[in-house]
Ligand code: F6P
C-alpha cells in the first residue's frame, strides 16, 4: 500500500508530531509505504513531482520541532492556483489527480485547517482517497473539539499577556495585545482568561468603546491605573465591520490592535501601547498537549487508512477520537459559541467583552 501525506495552509506547532506518528504507526503494518508531498498539494501539481519516501529514520527527532518537515503554503489551491505572472488563476485539480494515479497512491492523509480541508473534500469528490487531520492555531474547525496547534498558541499568548501586566502596572498604561484569530476568538479568550486580561475583544462580539472605557473607569475607581486589553485580529467595533476591513486593509500586519489603542487614547487620554504577537504564536516548540494530541491524531489517521475509511476527517469529541464524513463538516467552522463555557467564565470573573 502506498500512502501520501501533506500539510496545507498556515503552519502550526505540532504538525511534525502528526507526521511522525503516521510514519511510525505505518511501520507497524506490512507493506505500507509513506510518501511525503511537498508544500500542500503543490508537490502534485507539476513534474517532477515533489514527493519523497518517509521512514522512521526521516522522522527521527522531529517531535519537538515546530513547523512542518513537508513544507506548506496557503497559496496552493489546485482548483484556482494563482498565476505568478498575473492573469486568471488556473485549475490544476486534474494534474493533482493525474499525479495521484501515476504515483499509484492508495490514499492521502491531508493535515490542514478549514481551507485545506475544503480543497481535500473537492479532491475526494474527484476520486482521491483522503483522510483529513484537523490543525490550526485558531481552533475553529467545526469537526473537532480541539485542533493541533491551538494549545501552543494559547501558551504563547498567555505568556505575552502575563509579561504585559507588569509593564502596564509600572507605567500605568493600557496595553493592547493583538493575537491571531481572523474568524474566531478562541486564542484571545483562552489566553486572556488564563493571564488575567481586563478586556477581551472577539470577532464573535462586535465591541463598543463605551463598554471598554467603562471598564477602565471602574478599575480607576478601585485604584487600578493599568489594564491589559486582548484583541483578536478579526474583532471589530459595532457597526464598523466594513469600514474597518477597508481601513485596516492588510491582514496579519496589525490592524485592529492599533485602532483600539489609538481610539482609547483619543477618548480618554490614557497612555496606550500596542503589541502585535503575529506569527510568534505559530512558531517554536509545540506544547506537550499539541505533541500528544498530534501523535493521537496521526495514529488514528493511519488506522483510518488501513480500515479504508476514506472521505473522513478525524474529530476529537468528548475526549474520544472518531471520524466524520467530509460532507458533514466541509465549509463549516466553529466560532466561539454564545454558550461557550469560557465565555461564561470570562463574564463570571468580570472580564469586559466589549458589550
Ligand atoms: O489560520 C491560522 C492563522 O494563523 C490565522 O490566525 C491568521 O489570520 C492567518 O493564519 C495568518 O496567515 P498568514 O500566515 O498567511 O499571514
Residue identified as modelled with pLDDT of 95 or more and closer than 22 Å to residue 181 by Cα among 304, 353, 321: 353
Hits in segment 307-331 (condition: in contact (Cβ under 8 Å) with a residue 12 or more places away in the chain, part of a strand (DSSP E or B) and over 17 Å from residue 113 (Cβ atoms)): 317, 321, 323, 325
Among residues of segment 93-117, those that are in contact (Cβ under 8 Å) with a residue 60 or more places away in the chain, away from the ligand (no atom under 16 Å from the Cβ) and either part of a helix (DSSP H, G or I) or over 25 Å from the mean Cα position of the chain (by Cα) (or both), counted: 5
Filter result for residue 59 (in the same structural domain as residue 298 (by TED's automatic domain parsing), in a loop (DSSP other than H, G, I, E, B), touching a helix residue (DSSP H, G or I) at 6+ places or on another chain (Cβ under 7 Å) and in contact (Cβ under 8 Å) with a residue 24 or more places away in the chain): yes
Count of segment 1-54 residues which are part of a loop (DSSP other than H, G, I, E, B) and within 16 Å of the ligand (Cβ to nearest atom): 9
Yes/no for residue 199 being under 29 Å from residue 110 (Cβ atoms) and touching a strand residue (DSSP E or B) at 6+ places or on another chain (Cβ under 9 Å): no
Residues satisfying the stated conditions in segment 131-167, i.e. more than 14 Å from the chain's Cα centre (by Cα) and crowded, with 23+ Cβ neighbours inside 10 Å: 131, 132, 161, 164
Some residue of segment 118-140 being part of a helix (DSSP H, G or I), away from the ligand (no atom under 16 Å from the Cβ) and within 18 Å of residue 1 (Cα to Cα): no
Qualifying positions in segment 265-299 - more than 20 Å from the chain's Cα centre (by Cα) and assigned by TED's automatic domain parsing to the domain that holds residue 319: 299
Qualifying residue in segment 254-261 (condition: loosely packed, with under 15 Cβ neighbours inside 10 Å, outside any loop (DSSP other than H, G, I, E, B), assigned by TED's automatic domain parsing to the domain that holds residue 162 and modelled with pLDDT under 95): no
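The values are calculated or read from the model by the stated rules, or taken from the named source; none is laboratory data. Source: prediction; values computed, not measured. Glycine gets a Cβ as well: all are built from the backbone with ideal geometry, and neighbour counts include every protein chain shown.
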